[in-house]
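Enquirer: Can you read through this structure? Questions will come right after.
The values are calculated or read from the model by the stated rules, or taken from the named source; none is laboratory data. All of these numbers come straight from a predicted model, not from anything done at the bench. Glycine gets a Cβ as well: all are built from the backbone with ideal geometry, and neighbour counts include every protein chain shown.
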Amino acid sequence: MSYDCISIIGLGYIGLPTAAVFASREKKVIGVDVNQNTVDIINAGKVHIVEPGLEVMVEEGVRNGFFRAVTSPETADAFLIAVPTPFLKNISEDSVPKPDISYIESTSRAVAKVLKKGDVVILESTSPVGTTEKMAVWLAQERHDLTFPQTHGSTSDIRIAYCPERVLPGNVINELIQNDRVIGGMTESCSEAAIEVYSSFVEGNCVTTNTRTAEMAKLTENASRDVGIAFANELSVICDDLDIDVWELIRLANRHPRVDILQPGPGVGGHCIAVDPWFIVDRSPNLAKLITEARNVNDRKPLWVIDKVKLAIADILLKDPSKSSCDISIACYGLAFKPNIDDLRESPAVLIAKKIIAMHSGTVLLVEPNITSLPESLKNRQLSALDESIVGADIHLLLVDHSEFYNRRPSSGIIVDTRGIWSA
Ligand code: SAJ
């Protein structure tokens, strides 16, 4: 079976690059997104997200007639679902965030309407364990004239698989092509169909398993990184208390051949690592104790950083009683969720900046070289220039290790360095 027409549903950070790569391999690609504005931008050969190499690929795909975007599903041979799976915000403060898979359900029901015998449906969205099986049920509920793997095994009309994306923002195009793929088919023939789809561009290995293991693999990868970062963040708090330079400590410990500690920071951001572990906790709340605590350690880190800023303010006031808090200027360096990107989603730096603005009566300078305007949540503020902030601020709060900040250690004022690039 050859899958010549591929439909990608959800043209966001994963779906759009995936669609563009298929188009670059001269597959006929139909991108589907509910947002008319997104569809219009793509059909004009432009992009609504920043990712190196993406715009050129989208422009080429559209210009050469391989890629077009629409707002509702059309007939195709393979459907890749890459819609968001956010979590529902806490109902009460101490409840575990719950994953919201309603976009997968609505997408599945819409895709079902255009399915034909021989099609394959692949779920790529990060999902709680058991979601692919639910998707198979939703598809079957809409199409009694077709057979599905949960009832007809390897002879089913429709093939269904789970294949998580594992690409790193900032290096998406390269990782889409080079990374290994974990493919969890509902049957072996489902896995084979999915391999056939990805073989048009994936140069890594396609490793097969069942749907539940593939779903858990994705969550495990990100939970593992979250636990590793929590260890580093906890170390940073302990070392601060013991007057030890945590960055030096980690460099030394990592000289051990079997130790590889990650780097502390102001907290964990982005839409993956800070979210996905909750999908495991939601399913197994009484068992996922370490995973829960790691999340809590990382979520507490921004508050610890704010306490360090409060201490710096108190220090200045103690040394010069003629000053008041409103005379003190604080510069925040970096707002993105990690270095050298413009993505502010779930960024601990934004959270910290907002809290400092709310608590501090003096000037707060926001320096972020990768954006040209501030997000809605920081409206009424302006971006500040790096040079002026470094010279003028009383407290320098380094939040993101952007390359622009290296070798720019301020020579005066108090430094609160959450990334260790301005350590003495
Ligand atoms: N961070 C630290 N210390 C570190 C490493 C990261 O504090 O040593 C922080 C970053 O500053 C950032 C957050 O963690 O705030 C997450 O950044 P990241 O670079 O670790 O990961 P993401 O969110 O950009 O991408 C992750 C990747 N997952 C893994 O590395 C296991 C990527 O491969 C996934 O595809 C992506 O999540 C996803 O979409 O799930």
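Enquirer: Please specify each residue of region 379-414 satisfying the condition of being of a type outside the set (Gly, Ala, Ser), within 29 Å of the chain's Cα centre (by Cα) and within 23 Å of residue 361 (Cα to Cα).
Expert: 379, 380, 381, 382, 383, 386, 396, 397, 398, 399
Every residue, every condition in (1) within 16 Å of the ligand (Cβ to nearest atom); (2) at pLDDT 95 or above; (3) among the polar types (S, T, N, Q), yes or no:
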| residue | (1), (2), (3) |
| --- | --- |
| 115 | no, yes, no |
| 140 | no, yes, no |
| 170 | yes, no, no |
| 180 | yes, yes, no |
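Enquirer: Would you mention how many residues in region 240-266 are free of Cβ contacts under 8 Å to residues at least 40 places away in the same chain and within 15 Å of the ligand (Cβ to nearest atom)?
Expert: 9
Enquirer: Okay, moving on. Residue by residue through region 238-263, note down the ones that are surrounded by 15 or more Cβ atoms within 10 Å (Cβ to Cβ) and within 27 Å of the chain's Cα centre (by Cα).
Expert: Of everything in region 238-263, those that are surrounded by 15 or more Cβ atoms within 10 Å (Cβ to Cβ) and within 27 Å of the chain's Cα centre (by Cα) turn out to be 246, 247, 250, 261, 262, 263.
Enquirer: Show the residue pairs that are 6+ apart or on different chains and have beta-carbon atoms under 8 Å apart, the first residue being within region 33-54 and outside the structural domain of residue 371 (by TED's automatic domain parsing) and of a type in the set (D, E, K, R), the second being in a loop (DSSP other than H, G, I, E, B) and exposed (fewer than 15 other Cβ atoms within 10 Å of the Cβ).
Expert: Listed pairs, sorted by first residue: 33/71.
Enquirer: Going by the structure shown, is residue 192 over 22 Å from the mean Cα position of the chain (by Cα), more than 12 Å from the ligand (Cβ to nearest atom), free of Cβ contacts under 8 Å to residues at least 60 places away in the same chain and part of a loop (DSSP other than H, G, I, E, B)?
Expert: So residue 192 does not fit the description; no.
Enquirer: I would also like to ask the following. Residue check: is residue 280 modelled with pLDDT of 95 or more, among the β-branched types (Val, Ile, Thr), over 22 Å from residue 402 (Cβ atoms) and not assigned by TED's automatic domain parsing to the domain that holds residue 100?
Expert: The answer is yes for residue 280.
Enquirer: In the set 102, 106, 72, 127, which member is hydroxyl-bearing (Ser, Thr, Tyr) and either in contact with a Leu (Cβ under 6 Å, 6 or more places away or on another chain) or more than 19 Å from residue 162 (Cβ to Cβ) (or both)?
Expert: 72 is the lone residue from the list that is hydroxyl-bearing (Ser, Thr, Tyr) and either in contact with a Leu (Cβ under 6 Å, 6 or more places away or on another chain) or more than 19 Å from residue 162 (Cβ to Cβ) (or both).
Enquirer: Counting just the residues of region 149-168 that are more than 30 Å from residue 346 (Cα to Cα) and either crowded, with 21+ Cβ neighbours inside 10 Å or acidic (Asp, Glu) (or both), which one comes out farthest from the ligand (Cβ to nearest atom)?
Expert: My answer is 157.
Results for (1) in contact (Cβ under 8 Å) with a residue 12 or more places away in the chain; (2) outside the structural domain of residue 171 (by TED's automatic domain parsing); (3) within 16 Å of the ligand (Cβ to nearest atom), shown as yes or no for each residue.
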site	(1), (2), (3)
352	yes, yes, yes
380	no, yes, no
389	yes, yes, no
392	yes, yes, no
401	yes, yes, yes
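Enquirer: While we're on this one: Quick one: which of 223, 217 is within 11 Å of the ligand (Cβ to nearest atom), out of contact with any Asp or Glu (no Cβ under 9 Å at 6 or more places or on another chain) and part of a helix (DSSP H, G or I)?
Expert: Residue meeting the stated conditions: 217.
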